[in-house]
Amino acid sequence: AAEKTFKWRMTTSWPTGVPLYTEMAELFAKKVDMLSNGRLKMQVLPGGTIAPALEVTDSVAKGICEIGHLWPGYDIGRDATTAILGGWAGGMESVPMLHWLYTGDGVKLWREFRMEKFGVVGMPCGIRPTEVFLHSHKAIRTLEDFKGAKIRTVGAWADILPKLGASVVTLPGNEVFPALERKVIDGTEWATPGENVISGFHEVAKYIVIPGAHQPSAPFEIVINKSKWEALPKDLQTIIEQAAMLVTFESWVRIGKLDMGAMEVFKKKGNEIIQLDSATQTACLKLGKEWAQEKAGKNEWFKKVLASMNAFEDGWAAVAPTRYFEYKK
Amino acid sequence: MLDFLINWEYFVLLMFLGVIGALFIGIPVAFALMSMSLLFGYVGFGDAVGAMLIRRVWDIANNYVLGAVPLFVFMGALLERSGIAAKLFEAMMQLTGRLRGGLAVGTVMMCTIFAASTGIIGASEVVIGLLAIPVLLSKGFNKSLICGTICAGGSLGTIIPPSVVIVVYGPAAGLSVGRLLAAAVFPGLLLSLLYIVYIIIRCGIRPQDGPGLPRDEIMPWKRKLPLLLGALLPPLALIFAVTGTILLGWAAPTEAAALGAFGAVILCGIYRKLTFKGLYEACISTIKISAMIMLVLTGGTMYTGVFLGLGGADVSESLIQAMNLSPWATVALFLFLAFLAGFVLDWISVLLIFVPIFIPIVTKLGFNPIWFSTLFLIMIQTSYLTPPMAPAIFYLKGIVPPEIEMNDMFRGVVPYIVLQLIGIGLLITFPEIALWLPEYLMGGGFK
Amino acid sequence: MGLLQRICYGIDRITDIQGKIACLIALPMVVSLVYEVFARYMFNAPTKWSYDVTYMIYGSHYLLGAGFALLYKVHIRIDVIYNLFPQKIRQVIDVIGYIFFFFPVVIILVLSAISMASDAYNSGEVSQFSPWAPILWPFKSIMAIAFIFLFLQGIAEFLRAATILIKGESRGEN
Ligand code: NA
Ligand code: NA
């Protein structure tokens with residue numbers, strides 16, 4: 001007899017066409033289709049069509065769709081632990097982050113946390129390298145320059161940024177571009193260089209401030225409805241786990257490649273690239289760590305995940321110099 | 001052939017028939033959309049359908065951008081109730097003088113100004129409609145001309161930047177939002193110009209449709225000037241202030257709408273028309289009109305979600321791929337499909353279904369994707385006008401006096417739908433209309 | 001007045017009062033947004049709360065208007081064909097309309113909204129849009145309450161339509 005086949009709906013937080021949609025969500029669906037010989041097919045849907053873009057986990061838990069792809073930090077309103085799983089100002093850059101996820105306790109903690117607190121099967125699926133710190137009308141180089149700057153951001157960074165003297169403006173995603181164009185805001189963070197080129201921020205704001213001290217790396221994830229997961233044969237479960245890991249690595253290099261193209265675009269356009277000075281970078285890191293310490297006080301899972309991350313990062317600190325060449329700086 | 005009927009993926013197409021049937025027997029639009037979403041959603045989502053539908057409501061209810069709708073409605077209701085709107089149009093009529101249809105031309109211009117300040121069609125259509133319709137009726141303008149003008153003028157907001165449609169469209173097509181916004185400016189103004197030309201020609205031929213002022217009612221400049229200064233400038237200044245605060249970057253559109261509402265209160269105060277009763281009555285019409293608009297929007301969002309969740313996009317894709325056409329025929333087919341889909345689907349469905357399929361093909365055939373996108377965006381704007389799923393008509397229905405009937409509205413939009421197609425024809429003939437501005441603005445570097 | 005008429009009248013009163021109260025919340029929304037613009041430009045100090053306050057008021061406003069709009073018959077319908085039908089058919093459509101095109105979906109929405117609000121209450125969910133992060137269950141509860149008002153007004157409208165159909169009256173129409 002023919003083996004049972006499955007057709008799943010995957011809701012995402014993304015509009016169609018952006019790299020998070022094509023290089024993560026769709027890529028994952030294609031891999032699973034290929035590895036399972038067509039036994040598990042997924043229909044990928046943009047955010048806001050069948051489920052709210054920012055409430056993917058909730059929608060999957062309720063059974064509106066079998067699977068979802070999101071940035072964990074979108075669940076910060078339900079549990080702040082998701083903010084550090086998604087990477088934040090005090091978190092690791094993508095190389096150590098990948099090591100923590102797949103050789104440290106990352107994936108294991110991730111799965112336990114999602115099941116215990118949200119009742120879904122969650123695992124990393126995709127990672128973004130460091131973002132652009134700001135697309136800006138103001139040249140922000142040092143801590144002094146933050147004073148009075150009106151910056152759009154969300155999540156943990158919106159909590160932290162005022163401590164640097166900037167004011168945070170809250171805007172919905174669709175309004176960010178027109179707001180930057182018309183200088184309602186002085187600057188905005190968004191995503192990596194390669195992703196931002198599509199949104200066109202570089203066309204309306206001259207300065208591009210790097211590196212993304214607010215977001216040194218950003219893991220993404222899939223969440224799966226518990227009963228749908230349990231209804232899958234063991235081999236399809238394994239295929240999902242393997243495909244998710246593969247997509248994490250593949251999205252990482254694909255976005256890196258997009259970033260290469262983007263830097264060319266910025267150069268041609270005549271944008272001025274500003275490197276944040278090291279005092280500012282350190283200040284961001286320190287504020288990020290403090291923010292996490294404060295949140296950890298009230299939340300057991302947060303404490304556990306943060307401790308695991310911190311321990312890993314300390315261990316990694318000894319490895320970093322073994323890979324550092326002064327002449328390649 | 002039977003395969004076609006029993007393949008359950010095509011089942012989704014029955015959704016159209018269901019909703020069209022419900023609309024035509026006179027079920028309120030919002031409830032027709034919602035109940036069909038429940039019925040078909042149950043097939044697709046099973047017991048989770050309730051959770052799914054309420055999250056569609058949630059998505060609309062927490063949408064900050066849509067907060068501009070009640071604010072603009074309030075502004076319009078207040079200006080109308082206080083009589084400021086009527087004075088504004090009286091003065092405008094003095095300005096256009098004997099030009100037949102002059103007041104309708106003025107209305108299109110106001111719509112264009114408003115379109116440049118907001119991307120939300122319901123909001124701008126309702127404000128201008130509230131202000132203009134009573135005056136146009138009292139001056140003896142043809143009812144269907146009034147309806148068509150307000151619907152088409154109101155829909156300009158989707159194409160003239162800023163536009164929510166374009167901001168969603170850009171990433172879906174993998175094209176720069178900035179370039180698309182720049183590319184839409186002149187096509188949007190072109191459409192506005194076409195509307196004006198049409199009104200002038202129609203009223204020139206048929207003065208009974210849109211009279212100018214009789215010679216003896218035209219005031220001498222000595223009397224006209226104070227009227228213009230007193231009645232025309234302040235409300236126009238208010239509308240410009242709303243637009244201006246957005247264009248100058250002082251306020252996001254939702255905030256500018258609030259400034260407009262606040263400004264209307266002040267203006268009523270200056271004209272000594274500010275009473276608690278007037279304010280309260282404006283609040284009452286605001287909640288009625290907002291609930292009416294937003295519930296239709298909510299129903300549309302549910303319907304879209306169910307349609308896409310049931311695989312509506314896949315069905316459409318497989319139908320398109322079955323055909324094999326020459327490049328220009330492909331472009332024509334694509335535009336025709338978008339036009340047809342616009343009759344029964346709301347804009348977000350049209351966009352999400354077709355853009356990911358069309359853009360790669362069009363680009364591969366060697367056409368400029370930005371140019372094609374402006375054509376497509378005009379089709380999306382047209383979908384607001386084409387019944388039965390015609391949001392522009394729904395919103396209008398909510399604000400017109402009873403003497404205007406649905407038939408007037410349906411008849412009224414027809415010439416404007418033709419004008420849309422003429423606009424598309426002009427853009428195909430002269431692609432520079434769309435392509436010049438983005439190249440001029442974004443071709444060079446920063447200085 | 002018969003019992004049915006008294007029920008309908010009572011529901012109408014409730015809807016009318018809640019609508020007339022709800023319509024006033026548009027005013028604080030104007031004030032909050034105007035304040036935000038001034039705070040940002042005059043004092044360079046955008047508020048933490050304006051964003052959340054705005055959508056919460058806007059969402060509550062139109063949802064609480066749903067039943068009110070039903071009472072005043074402003075929900076749009078395409079009446080071109082409807083008006084061509086004889087009166088009896090129109091009365092049948094009105095009754096059937098409520099049974100098939102109103103109550104099922106509105107009841108589902110009431111139940112789902114209650115479940116959504118209680119989830120938010122139990123989990124202590126807060127808004128993730130802005131750093132202010134207000135709790136969400138009050139707003140989600142208003143959503144549920146608004147659909148209950150809409151349902152109630154639907155009962156009144158349905159009873160009236162059914163009475164007219166059964167008793168063959170046409171006075172009730174307006
Ligand atoms: Na616009
Ligand atoms: Na349409």
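The values are calculated or read from the model by the stated rules, or taken from the named source; none is laboratory data. Please read all numbers here as calculations on a predicted model, not as lab measurements. Don't worry about glycine lacking a Cβ; one is built from the backbone with ideal geometry, like all the others, and counts go over all protein chains shown. Note: accessible area is taken over every heavy atom of the protein model, side chains too, but ligands, DNA and RNA are not part of it. Shrake-Rupley method; radii C 1.70, N 1.55, O 1.52, S 1.80 Å.
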- Run the accessible area of segment A:170-227 with a 1.4 Å probe and give the carbon-and-sulfur part as a rounded percent. 48
- Message: What's the total accessible area buried between chains C and A, using a 1.4 Å probe, rounded to the nearest 100 Å²?
- Response: 1500
- Query: In chain B, which helices (entire DSSP H runs) extend 24 Å or more along their own long axis, judged by Cα positions, while averaging at least 0.5 on the Kyte-Doolittle scale?
  - Reply: B:121-138, B:177-205, B:253-270, B:276-309, B:327-344, B:347-364, B:406-429
- Modelled FRET efficiency - R0 25 Å, residue A:102 with residue A:235, Cβ distances, 0.05 increments: 0.75
- Summing Lys, Arg as +1 and Asp, Glu as -1, what charge do residues with Cβ under 12 Å from the Cβ of residue B:280 carry, residue B:280 excluded? +2
- Message: Below 14 Å, Cα to Cα, which aspartates and glutamates can residue B:224 reach? Residues fewer than 8 away in the same chain don't count.
- Response: B:90, B:216
- For residue B:336 paired with residue C:44, estimate the spin-label separation in nm (one decimal), with each label point 7 Å from Cα along the Cα-to-Cβ line. 6.0
- Message: Of the candidates B:146, B:205, B:25, which one comes out as most mobile in a Gaussian network treatment of chain B with C-alpha springs shorter than 10 Å?
- Response: B:25
- Item | Coordinate range along principal axes, alpha carbons of chain A, Å, largest first | 69, 41, 39
- Query: Using a basic spin-label model with each label point 7 Å from the Cα along Cα→Cβ, how many nm lie between residue A:144 and residue C:24?
  - Reply: 5.3
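Between residue C:135 and residue B:96, what FRET efficiency comes out of the Förster formula 1/(1 + (r/R0)^6) with R0 = 41 Å and r the beta carbon distance, rounded to 0.05?
So, using R0 = 41 Å, E works out to roughly 0.15.
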- Restraint check, A:30/A:286; A:138/A:257; A:226/C:140; A:150/A:226; A:298/C:20; A:138/A:303, Cα-Cα greater than 31 Å: A:30/A:286; A:150/A:226; A:298/C:20; A:138/A:303
- Message: Need one value for C:133-139: mean number of C-beta atoms belonging to other chains within 10 Å of its residues' C-beta atoms.
- Response: 2
- Shape parameters for segment C:3-167, alpha-carbon atoms, Rg then Dmax in Å: 20.0, 67
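Summarise the long-distance tail of P(r) for segment B:229-386 by giving the % of C-alpha pairs beyond 26 Å.
Counting every Cα pair in segment B:229-386, those more than 26 Å apart make up 52 percent.
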- Taking the convex hull of the alpha carbon atoms in chain B, what volume per residue do you get, in Å³? 163
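In peptide B:32-39, what is the residue-averaged number of other protein chain Cβ atoms found within 10 Å of each Cβ?
5
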- Query: Tell me, what does the Kirkwood hydrodynamic radius of segment B:209-268 come to in angstroms if you use every pair of distinct C-alpha atoms?
  - Reply: 13.6
- Note on the structure: Counting only protein heavy atoms with a 1.4 Å probe and every protein chain in place, the carbon and sulfur fraction of the accessible surface of segment C:37-174 in whole percent equals 70
- How crowded by other chains is A:252-258, given as the mean number of beta carbons from other chains within 10 Å of each beta carbon? 0
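How big is the charge dipole of chain B about its Cα centre, in debye rounded to the nearest 20, if each Lys and Arg gets +1 on its Cβ and each Asp and Glu gets -1 on its Cβ?
My answer is approximately 1580 debye.
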- Chain pair B, C: how much accessible area is buried, both chains summed, with a 1.4 Å probe, in Å² to 100? 5300
- Item | Hits among aspartates and glutamates - C-alpha to C-alpha of residue A:268 under 18 Å, sequence gap 8 or more where chains match | A:195, A:203, A:259, B:439
- Message: For a protection proxy built on the mean count of beta-carbon atoms within 10 angstrom, sort A:46-59, C:70-83, B:286-299 highest first, please.
- Response: B:286-299, A:46-59, C:70-83
- Solvent-accessible area per residue for chain B at a 1.4 Å probe radius, Å²? 34
- Query: Once every DSSP H run of n ≥ 4 in the protein assembly as shown is given -39500 (n - 2.57) and the sum is divided by its residues, what mean residue ellipticity at 222 nm do you get, rounded to the nearest 500 deg cm²/dmol?
  - Reply: -21000 deg cm²/dmol
- Task: Can you spot the aspartates and glutamates whose alpha carbon is less than 19 Å from residue A:117's alpha carbon? Ignore those fewer than 8 places along the same chain.
- Result: A:55, A:58, A:66, A:75, A:79, A:105, A:221, A:230, A:300, C:119, C:125
- Going highest first, how would you order B:387-394, B:192-199, B:260-267 by mean Cβ packing within 10 Å? B:387-394, B:260-267, B:192-199
- Message: Which cysteines in chain B lack any other cysteine whose Cβ sits under 4.7 Å from their own Cβ?
- Response: B:111, B:147, B:151, B:203, B:268
- Note on the structure: From most to least accessible, 1.4 Å probe, no ligand or DNA/RNA atoms counted, B:242, C:92 line up as C:92, B:242
- Summed residue charge, Cβ within 15 Å of residue B:271's Cβ, Lys/Arg positive, Asp/Glu negative: +2
